[in-house]
Each structure stands twice: as structure tokens, then as C-alpha cells.
Amino acid sequence: MRKAYAVLAWIIAGAVVVQAAAIAFGLSGLISWVQDGGVLDKAVLESGEVSFAGVLGFVVHSLNGQFLIPLVTLALLGVSFGVRGRRPRVLAAVLVVLVAAQVTLGLTAPAAPYLGILHGANALAILLVAVAAARLVRPARAPAGAATTGVPAAGSAPRAEQPRGT
Ligand code: HEM
């Protein structure tokens, strides 16, 4: 369960990086298309017929943001109940709240562009909490020398408490 928890948390962290890359790809392509004479207005947007290098970035961002990330985050919360300790559950619950806010901000930002500022900043919070969650359950490293002798090396301090899972 600890392994599954760590893998899911790393997937969320990686997905945030994909989100940033996808939206940068999409916006770069859109700006380039406009510079080449493309005109974007409501009718063109709603026609769904716009095509430029980078349009896939918007599609990836939308699908990843509305489906993949929320599903993986809910899976992380479910798996957290099989991991010993309170902190894995708390971090998973925090991620559920942050991701719910992120999706809401993403969907409402076109109506209130200033929400886009929160959308970008909140993505970094999701990344940090996901990395903290993944590192929380990493296996304790054996002290130097313990692998061969089974005895902790002189002067090595015991690690801080690690949540143990099943
Ligand atoms: C956990 C990370 C993220 C999630 C879950 C997420 C989710 C979403 C969602 C659901 C939308 C609406 C898409 C649509 O209407 O089809 C959206 C739009 C947007 N997001 Fe994100 N996003 C994330 C990260 C980011 C990051 C890191 C950036 C940029 C730094 C960003 C920038 C934008 C922009 C500019 C839009 C408006 C353009 C569009 O609708 O495609 N997002 N996001």
C-alpha cells in the first residue's frame, strides 16, 4: 500500500508538470497562429475547427485536468486508508481539496480572468503537496554498514518516525 501511495503521489506531481507544459505548448501555438494571420473570435472558438501546432496542448490540459488528475487524487485518498499513520491521509485529503479548487478555477477562469492567477499558483501548491506525500512514505534507508554487518554504523542516528503501511 505504501508503494501504491507513493506511485500515485508521484503521478500527480508529474501530471502537474504535464499540465504546465501542455498549456505553454497550446498558448505558444495559438500566439504563433495569430501572428501568422489567424483570427480567433467566439465563433471560431466554438466551431472547433481551429488547427495549429500546439492545439493538442489544450486538449491534453483539459482531459488531464478534468479526468486523470481528479481520479488519481481520489485513488490516492482511498489508498491512504491502507497506509499506517495519519499524515498520508491528511496530505491526500489536502490534495483532494486543492485539485477540486484547481478544476473549479480552470473551468471558471474564462469568466473571471483574475482567477487564472490562483489557478497557476494553486498548481504549484498541488505539486509541492504531492511531492511531500510521495516522500512521506519512502522506505527508510539502511544506515551505512548495516547491510553487511546488520549493526548500525557508529554515530548513525535512528531515522525520524516513518509511517508504515501494510
Ligand atoms: C493540477 C494541475 C492542473 C489542473 C487540474 C488544471 C485544470 C484545468 C481545467 C479543468 C481547465 C479548464 C479546461 C477546459 O475548459 O477545457 C484549465 C484551464 C486552464 N489552465 Fe489548468 N490545470 C492545472 C494546471 C495548470 C497550470 C500549471 C497552468 C499554467 C501555469 C494552467 C493554466 C491553465 C490555463 C491558461 C487555462 C485556460 C485555457 C484552457 O481552458 O485550456 N493550468 N485547467
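All of the numbers you see were taken from the coordinates with simple rules; none came from a lab. Because the structure is a prediction, the values reported are computed rather than measured. Cβ coordinates were reconstructed from backbone atoms using ideal geometry, including for glycine residues, and neighbour counts include every protein chain displayed.
Observations, loosely collected:
- Between 0 and 90°, nearest 10: helix 69-80 axis offset from the chain longest Cα axis: 20 degrees
- Shown for W33, W10: other C-beta atoms within 10 Å of each C-beta, ranked fewest to most, produce the order W10, W33.
- Rounded to 10°, Cα long-axis angle of helix 115-136 versus longest principal axis of the chain: 20 degrees
- D (Stokes-Einstein, µm²/s), Kirkwood Cα radius, the chain, 1.002 mPa s at 20 °C: 117 µm²/s
- L128-Y114 pseudo-label distance in nm [points 7 Å out on the Cα-to-Cβ vector]: 2.3 nm
- Calculated P(r) of the range 27-124 - Cα pairs past 21 Å, %: 49 percent
- For the chain, the longest principal axis of the Cα atoms and the long axis of helix 2-35 meet at an angle of about 20 degrees.
- Mean-position separation - Cα centroids, the range 11-46 and the range 115-140, in angstrom: 23 Å
- Per-residue HN-Hα couplings for the range 49-63 [Karplus 6.51, -1.76, 1.60; θ = phi - 60°; Hz; x = Gly/Pro]: 9, 6, 9, 8, 4, x, 4, 4, x, 5, 5, 4, 4, 5, 5
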